[in-house]
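The structure under discussion appears below in the form of structure tokens.
The values are calculated or read from the model by the stated rules, or taken from the named source; none is laboratory data. Just so we're clear, the structure is a prediction, and the values are computed from it rather than from any experiment. Every residue, glycine as well, gets a Cβ built from its backbone with ideal geometry; the counts of neighbours run over all protein chains shown.
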Ligand code: WQD
């Protein structure tokens, strides 16, 4: 059993990865400032893990706290989820995004270096592909960014690559997420945005509960079969399992890797809306709205390399994603 530090481990992806890690026999330790996580997540995790995971409340920008944490634990690998991730907000707050996403990564890496911990799984994003020329997108596609969020993700990857080139002891699992959606099958943990969601599925969930009147479909004049944007939605439990495989590969081989985590199957906005309607048992209303600035028509992963290197394949369907989301939403409402 290895002790694994999850920065941002009380958040959406982090909490699901915490469960998958414990199920794989590892001991998760969570560091989170709860700026984007509900206070009761550790209690909910306790129901799934059988005991409450160790939680350190604080920021990855706090070098002194990190030093204490590494000095008192034998951390085998760090999984770094703690970052700001709202594309639209990053356009207004580029400096805050650089400070948190890049400054936080640098502070964490300095603490790891001092503690001689050299293995890290890094949350990256399909946003580093900018406007892709090839669909589905392979990992060696040209990279770029269309917003400050995407810049910080790409700059983080480049910092890690330089670090690994400077000292072979460093090994990084760089994972480029496509569109994570859904919730744990138990309905105990899920995506829990504080205010009106920017992302598609949590917004549709609010339409399904009646909190919002209808979905605004941002453009139906894209070069796609039904005219609406296409994305590669991946179940958050598949994503969490991919993280565990990445960690185990790092521990087994000491070799880093850079991988897409996606299904390889693109789905349109209207397809997702119809699938959610099947999950909640009614047709959900929508209106066609103008395109959203910064959106690209299609983002879809080529998942081949993750399958070859890790044996990773996303196995949950769009209907599974929607059903798990609806189960979480209705259970959360009952709290
Ligand atoms: C998906 C599709 C929209 C909302 C996001 C984050 C990014 C990354 C991946 C972390 C698009 C359409 C959406 C709505 C709509 N996360 N849409 N009406 O933009 O692909 O990327 O997830 O790395 O940070 O921005 O996801 O869910 O916002 O949009 O029509 O109310 O749904 O136009 O085609 P996106 P999204």
Would you check which residues across the stretch 206-238 are within 11 Å of the ligand (Cβ to nearest atom) and over 17 Å from residue 289 (Cα atoms) and list them? 206, 231, 232, 233, 234
Within the stretch 260-299, of all residues that are away from the ligand (no atom under 15 Å from the Cβ) and part of a loop (DSSP other than H, G, I, E, B), the one nearest to residue 125 (Cα to Cα) is 264
Could you tell me whether the stretch 184-192 includes any residue that is over 15 Å from the mean Cα position of the chain (by Cα) and either within 18 Å of residue 296 (Cβ to Cβ) or within 12 Å of the ligand (Cβ to nearest atom) (or both)? no
Keeping to the stretch 1-25, report how many residues are in a loop (DSSP other than H, G, I, E, B) and surrounded by 22 or more Cβ atoms within 10 Å (Cβ to Cβ). 4
Which one of these is free of Cβ contacts under 8 Å to residues at least 40 places away in the same chain, in contact with a strand residue (DSSP E or B) (Cβ under 8 Å, 6 or more places away or on another chain) and surrounded by 16 or more Cβ atoms within 10 Å (Cβ to Cβ): 28, 53? 28
Can you tell which of 111, 86, 67 is surrounded by fewer than 19 Cβ atoms within 10 Å (Cβ to Cβ) and more than 14 Å from the ligand (Cβ to nearest atom)? 67
Could you please let me know if residue 126 is under 24 Å from residue 193 (Cα atoms), surrounded by fewer than 18 Cβ atoms within 10 Å (Cβ to Cβ) and in contact (Cβ under 8 Å) with a residue 60 or more places away in the chain? no
Determine if the stretch 250-259 includes at least one residue that is within 11 Å of the ligand (Cβ to nearest atom), crowded, with 17+ Cβ neighbours inside 10 Å and in contact (Cβ under 8 Å) with a residue 24 or more places away in the chain. no
Please tell me if residue 228 is in contact (Cβ under 8 Å) with a residue 40 or more places away in the chain and either assigned to a strand (DSSP E or B) or surrounded by 20 or more Cβ atoms within 10 Å (Cβ to Cβ) (or both). yes
Scan the stretch 42-68 for residues that are assigned to a loop (DSSP other than H, G, I, E, B) and either within 21 Å of the chain's Cα centre (by Cα) or modelled with pLDDT of 95 or more (or both) and jot them down. 53, 58, 59, 60, 61, 62
